[in-house]
Structures are given as C-alpha cells and as structure tokens.
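Right, one structure below, let's go through it.
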C-alpha cells in the first residue's frame, strides 16, 4: 500500500523577484513523499508550488488539504485517479510524486535524450523588475552569456523608462540575434493598453504575455485581434476550466500564443488539453515553470523535452533561491541540461 508524508519549506529568493504585482522575497513550498510500504527505500517526490495572488489556492488551503490527503492515502482510501481540481498545486505534487515512485524513485520521470544527458533544452533568460540599473545589470549578464531569447517583466516602472530599457537592448542586439518577450502580468488597463502596445511594437517584440488582467475575455479578444504585438495568454489559463470551457476561451479570444504552466494548471494533462487546442487552431505555445525548486523544475523540464517544441522554453534554472535541492540540472549557456555525472542530494529534506 502507498504511504504519504509531506514537508513544508520556505524558499528565499537570491534576488528579489519583482513583477507588476509586487516584489517577492520568499515563497512557501510543500513537498509530497510517496512510497510503497513493501519497499520503503524507493520514494517518489513531488512539489506543490504556490504563488501568492496567482495560485488558485491560499496557503491555508494547502496546509489543511495536504494534511488531509496524506491521511487518506495512509488509510488506503484515497483515489489517485479522482484528481483535485480545486487544488491544482497539490494535484501536481501528487501526480509527479506518483510518476517518480512508479519510475523507481530516481527523479527520472520521463526517459529521453535529455535525461540521458545527450541533449538540452533551449530556454529564455528571465529579467525581473527592479530599479533601472538592476535591470540593465541582469540584461548585460544574459547578453554576455549569449542568450538568444530574453523575457522581461514590465509594467512596474514608468512606461518611458521601460521603453528606454528596450531601446538599450535593441542597441546591443537586434531581432536577428535576440528574441524579445515581454510579460506584463496584467499590468495595463483596457483603456490604455493599445497605446502601450503601439509604443512597444517599435522594438521588434516577439510577444507580450497577459497585457491586461485575466477574466476580461471580450477586451482580450479585441486586443489580440488588433494589437501590433502578438499576444500570449498566461494567467488567463489558470483556474479550473473544463475541456469545453478551455475551447470556448481559445475560440473567443484567439491569442497568438499560449504560455503553459503545468504546476499552476494542476497536471500535465491540463496543459496537454491546451496544446491540442493550440495545434488545431494554429496557435503557438511554450512551457513555463512557475518558480518551482529543482524537484518541480526537473519534472516539468523532463516532460517538456518529450513534447518536441524547439522554441525557447520558460524554464527556471534552479538559481533563484538561496536554498534548493542539489540536482543534476545545470545551465550551459542558454540551455538547460541534465548532467548525469551529478547526483541528487536529498539532505535538503532533513527536518531541522
């Protein structure tokens, strides 16, 4: 019989994570551990990643529900096939822990050339919001490492200052050398967003994620149809939507791209539903992690590789936090790789 336990940790950002929604200095995370009581040495580990203001649950929700779920699993009365649609973070943690357990508990969830160390995943370089000098410093660091795609958080500074930063980038790397993605996290209003997009279009921008807040389908549909900059949906996709509701969202808004976060959507299958809709309608897409530590990032990266999407993916690098699980994941330029010579160090999970 499968047994379960969990551990809550607080991760502290090395560099404050600034977006138009505010600045994050730390983030709670819950890890789920599954093992078969007949073979307790083999353990699957999953991560429940929570982002304040973006996740469907609250911290208190997760604290209470994860304790209940582990109790039910240990009593042998939890149906692993039922899904936890109202608790996507927990559902994703359980899903990935179960895949890990069934794969031998070695954190090799999806065998591929990536996991065997024969290939890597191209990723974008993420530039967090901050003071102008801090942003320029991040940009220079990424350009020196020859990143071919940058993603900038925008909407927190004065627009003229942000346009100046975009101009700085283009003076150092034109669109033939560098793909430029923007992420507004819903910072702009429907009444002024078209003016903003017109100004952004002068910098050969690949796309902008979520220019206005979610749940404004009519306004977003108008923007997608008229914007001089391609629009990518991100926060718009979160929340529990049925298959029919997903199709309605895509058909009504008609975005140019989808940004898919399995950790926030709640499962790989939820993300796959959006991918299938995108492929039917000619919409581009890429996968993004959602501030997971190396446990969650590892699962998402391995799964992402199996999809065969050659666009730069929005995967973290394991370098966000002062504390993290030591893993085989590492950066090689702007590529995320799995170094088979490096081992997992699970001492991170020892309770102090």
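Does the stretch 329-352 hold any residues that are under 25 Å from residue 7 (Cβ atoms) and either assigned to a helix (DSSP H, G or I) or touching a helix residue (DSSP H, G or I) at 6+ places or on another chain (Cβ under 7 Å) (or both), and which are they? 329, 346, 347, 348, 349, listed by residue number.
To keep it simple, each residue is scored yes or no on (1) under 18 Å from the mean Cα position of the chain (by Cα); (2) farther than 23 Å from residue 343 by Cβ; (3) at pLDDT 95 or above.
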{"position": "85", "(1), (2), (3)": "no, yes, no"}
{"position": "96", "(1), (2), (3)": "yes, no, yes"}
{"position": "100", "(1), (2), (3)": "no, no, yes"}
{"position": "106", "(1), (2), (3)": "no, no, yes"}
{"position": "112", "(1), (2), (3)": "no, no, yes"}
{"position": "116", "(1), (2), (3)": "no, no, yes"}
{"position": "134", "(1), (2), (3)": "no, yes, no"}
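For the stretch 51-75, the candidate set comprises residues that are in a loop (DSSP other than H, G, I, E, B) and surrounded by fewer than 17 Cβ atoms within 10 Å (Cβ to Cβ); within that set, the residue that is modelled with the highest pLDDT is 75. Considering the stretch 197-210, the residues that are in a loop (DSSP other than H, G, I, E, B) and over 12 Å from residue 256 (Cβ atoms) include one that is nearest to the chain's Cα centre (by Cα), namely 210. Scan the stretch 121-144 and give yes if some residue there is touching a helix residue (DSSP H, G or I) at 6+ places or on another chain (Cβ under 6 Å) and under 30 Å from residue 242 (Cβ atoms), otherwise no. No; the residues of the stretch 121-144 include none that is touching a helix residue (DSSP H, G or I) at 6+ places or on another chain (Cβ under 6 Å) and under 30 Å from residue 242 (Cβ atoms). Of the residues in the stretch 128-137, none is touching a strand residue (DSSP E or B) at 6+ places or on another chain (Cβ under 8 Å), closer than 30 Å to residue 298 by Cβ, surrounded by 16 or more Cβ atoms within 10 Å (Cβ to Cβ) and not assigned by TED's automatic domain parsing to the domain that holds residue 228.
Taking (1) in contact with a helix residue (DSSP H, G or I) (Cβ under 7 Å, 6 or more places away or on another chain); (2) buried (at least 19 other Cβ atoms within 10 Å of the Cβ) in turn, residue 2 satisfies each apart from (2). State whether the residues of the stretch 25-47 include one that is crowded, with 19+ Cβ neighbours inside 10 Å and outside any strand (DSSP E or B). Scanning the stretch 25-47, I find no residue that is crowded, with 19+ Cβ neighbours inside 10 Å and outside any strand (DSSP E or B), so the answer is no.
When the residues of the stretch 257-276 are narrowed to those that are out of contact with any strand residue (DSSP E or B) (no Cβ under 8 Å at 6 or more places or on another chain) and assigned to a helix (DSSP H, G or I), which ends up farthest from residue 50 (Cα to Cα)? Restricting to residues being out of contact with any strand residue (DSSP E or B) (no Cβ under 8 Å at 6 or more places or on another chain) and assigned to a helix (DSSP H, G or I), the top hit is 276. Selection of the stretch 234-248 for residues being closer than 20 Å to residue 183 by Cα and assigned to a helix (DSSP H, G or I) yields 235, 236, 237.
For the stretch 228-243, filtered to residues that are modelled with pLDDT under 95 and over 19 Å from residue 268 (Cβ atoms), the residue that is surrounded by the fewest Cβ atoms within 10 Å (Cβ to Cβ) is 235. Put simply, of 294, 225, 298 the only residue that is surrounded by fewer than 20 Cβ atoms within 10 Å (Cβ to Cβ) and either in contact with a strand residue (DSSP E or B) (Cβ under 8 Å, 6 or more places away or on another chain) or more than 30 Å from residue 342 (Cα to Cα) (or both) is 225. Scanning the stretch 172-190 for residues that are out of contact with any strand residue (DSSP E or B) (no Cβ under 7 Å at 6 or more places or on another chain) and farther than 15 Å from residue 155 by Cα, we see that the one that is surrounded by the most Cβ atoms within 10 Å (Cβ to Cβ) is 173. Put simply, of 23, 66, 42 the only residue that is within 18 Å of the chain's Cα centre (by Cα) and not assigned by TED's automatic domain parsing to the domain that holds residue 295 is 23.
Residues checked against (1) assigned by TED's automatic domain parsing to the domain that holds residue 7; (2) crowded, with 22+ Cβ neighbours inside 10 Å; (3) modelled with pLDDT under 95:
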| site | (1), (2), (3) |
| --- | --- |
| 302 | no, yes, no |
| 307 | no, no, no |
| 316 | no, yes, yes |
| 324 | no, no, yes |
| 328 | no, no, no |
| 333 | no, no, yes |
| 340 | no, no, no |
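The values are calculated or read from the model by the stated rules, or taken from the named source; none is laboratory data. Every value quoted in this text rests on a predicted model; they were computed, and no experiment measured them. No Cβ is skipped: glycine too gets one built from the backbone with ideal geometry, and neighbour counts run over all protein chains shown.
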